[in-house]
Every structure is written in C-alpha cells, then in structure tokens.
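Reviewing the structure listed below.
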Amino acid sequence: MVKAVIIDDDSISRMVLKEILRKTIGNIEMLGEASSVVEGAILIERENPDLVFLDISMPDGTGFDLLDRLKKIDFRIIFITAYSEYAIKAFKYSAFDYLIKPINVEELIKTVGRIPKIRKIETKVAVNALKANLMSHAEQGAKTIALPELNGFAIIEADKIIRCEGLRNYTRILFHEGDEKIVSRTLLEFEKLLTPLGFIRIHRSHLVNLANVVRYIKANGGMVELKTGEQLKVSPKYKDDLLNKLLYNKL
C-alpha cells in the first residue's frame, strides 16, 4: 500500500484528486491533505508518506519552498501544475512526474502506475535541478538542461552536445570539449527531450546533434560522419527520416 498526501491550495482540486484515486487506484492510502506551504511541511514531517501530490503555486509560497523546509526528501513527488507547455518540458528534462490541471483520469492512472517501477530521484539535488530547468526554459527557450551530479547539478547547453549513446538503462553524453557524462536515464528519454532541439535518432544506440553531421556515407548500409571524425552506423529504421532532414531541413 502506497501512503500519500495531497498539498494544494485549491480545495476542489484536492477533492477531485481524492475521488479519482479512490475510484480508480486501489493501492493508495490517503493520509491527509494540506492547503499551504507551512501546513504541507508539517503534514509530511508528521505522516512520513511514500508519495506526495504537490502543487507548485500556493498563497504562502511554492512547492519548492515547502521542500526547502524539509530535513530530508525520501518520498516520490508528483507535481500538480497549471504551467504552460514550455515549463512542462522542464519537468520532463528533470525526470519528475507531473499532472496538469484540470487532472485527466487516464494520465493520473498512468503516472501513479509508474511509481513502483522508477527509482527515487527526489533528493535536494534533483529538486534544485528542476528549479534550474524551470528557470532556463522560461528565460532561454528550452535550450539548456540540468543534469544532477554528485555534489549538485550541471546546466548543459544542448548545442554543446555532439551525441548521446545508449547503454541499456544509462546514457553516455559526449560534448565538443571531449568531456562526457554518464546519466542514469535511457536513450529513449533523451530522444524525446532533445529531438525538438535538433537531435535525431540514427540507431538504437545513437542519438546525434544534426548540427554536428558533416557527411552521409552510403557504404555499409549507411553511415554518418560527425565533426569529431567519428563514423556511426545508421539503422534502416531511421535512414529515411535522417536523409529527409539532411537534404531539406538543413538547406
């Protein structure tokens, strides 16, 4: 049984969420609810929940202000937000679950269903990374991402990434300067996030920045050469899409 709390200043939203959870999801025990940052922090400290449904904007502060009050964050968070599309991308980049108001029943079921399958990422570092992503997406048009590190997080400009390489449940990110990072997220996740920023999948193991492709080679079923001199195999599955973008999108 997953023990949960709801923190949202909108009483109707809380009521609707509780009713949907009661009718559709049988393994959640609702421990309580709160309508403000102060009440929410007290509720979490008292009940020690496994899952928190957390509103972003409340009268006495934000969901981030609430999290800053806590000594530890050892629970899953599903953010409840009315943010516009540009900010939703920030949640995706930071690997946080979220629900958009008004809450959609199918999305709620899918989101809650992922909880047992995903490792806990809600540390202070991950929360700070999300705040940085929200700021960068608002101010810079979604051209940067924040990746958690051991002692904090790094703000990465997407155009400095040459390519991403899938390593099962991890992704190796290679940069122009020769640096690289290993991140515990799948290549599919990065494909969804970086495709709008000029990246393209060319192989089950490779996602490349189109700006770094200098040559297409027909040999061996298809290869691309990058500015670094690397040559990567192109899978038949992705060849047509790649050629269309190389021939038309870059003219």
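Listed here are the residues, each with its yes/no results for (1) in contact with a Gly (Cβ under 6 Å, 6 or more places away or on another chain); (2) crowded, with 19+ Cβ neighbours inside 10 Å; (3) aliphatic (A, V, I, L, M); (4) at pLDDT 85 or above.
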position	(1), (2), (3), (4)
M1	no, no, yes, yes
N48	no, no, no, yes
I88	no, no, yes, no
V105	no, no, yes, yes
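Of all the residues in segment 1-41, those that are within 17 Å of I56 (Cα to Cα) and either charged (D, E, K, R) or more than 25 Å from the chain's Cα centre (by Cα) (or both) number 12. Within segment 193-228, being in a loop (DSSP other than H, G, I, E, B) and more than 26 Å from L147 (Cβ to Cβ) holds for K218, G222. Condition check for T81 on (1) at pLDDT below 70; (2) β-branched (V, I, T); (3) closer than 14 Å to V52 by Cα: one failure, at (1). So which residues in segment 217-251 are under 22 Å from H176 (Cβ atoms), of a type in the set (S, T, N, Q) and modelled with pLDDT under 90? Across segment 217-251, the qualifying residue is only N249. Residues in segment 47-82 that are assigned to a helix (DSSP H, G or I) and free of Cβ contacts under 8 Å to residues at least 12 places away in the same chain: 1 in all.
The values are calculated or read from the model by the stated rules, or taken from the named source; none is laboratory data. Values in this document were obtained by computation on a predicted structure and should not be read as measured data. Ideal geometry is used to build each Cβ from the backbone, glycine not excepted, and the neighbour counts take in all protein chains shown.
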